[in-house]
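Notes follow once the structure below has been shown.
Nothing in this text is a laboratory measurement; each read-out follows from the coordinates by a stated rule. These figures come from a predicted structure and were not determined experimentally. Neighbour counts run over all protein chains shown; Cβ positions are idealised from the backbone, glycine included.
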Amino acid sequence: MTAKEVVRAFWQAMQSNDFEHASQWLTDDFENYAPQSSEVVTGRSNFAMLNSHYPAQGKWTFTLNSIVAEGVQVVTDVSVSDGTVAARAITFHTVEDNLIRRQTEFWPDDYPAPTWRSEWVALENRGRCNEIPASTTD
């Protein structure tokens, strides 16, 4: 499998909400780093437990908006929702031996466009980070 295929398979497994199953796409010494909170999830078991215990309002959905790969590096833009909460995850994956070894994950927040730059920009109705757009995976 290519690194891109491995990451696609991971997101497809996440869609099942069986996070133990999804964690099979991770190495035993997997690391998920969240720079915004300075947290590191170490190991596939901790990954599965963290996701299984997240206080969701319903079944999680994962919409792959974009995926770009070069060698063992893959970047995804995924919309995530439990039916109540909607968010966007930008994830940088490193794949080794057909498993994900490391993820660096960013969860951007929406913000209003600053008025000072309105002279040079136009607002587009493309949906915000917390709205789920149509999937454009390639």
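Data overview
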{"quantity": "Search result, residues across region 29-50 that are touching a residue at least 40 places away in the same chain (Cβ under 8 Å) and among the polar types (S, T, N, Q)", "calculated": "N32, Q36"}
{"quantity": "Restricting region 77-90 to residues that are in a strand (DSSP E or B) and among the hydrophobic types (A, V, I, L, M, F, W, C), the residue that is farthest from E5 (Cα to Cα)", "calculated": "A86"}
{"quantity": "In region 51-84, the residues that are touching a residue at least 40 places away in the same chain (Cβ under 8 Å), over 14 Å from the mean Cα position of the chain (by Cα) and more than 17 Å from A9 (Cβ to Cβ)", "calculated": "K59, G71"}
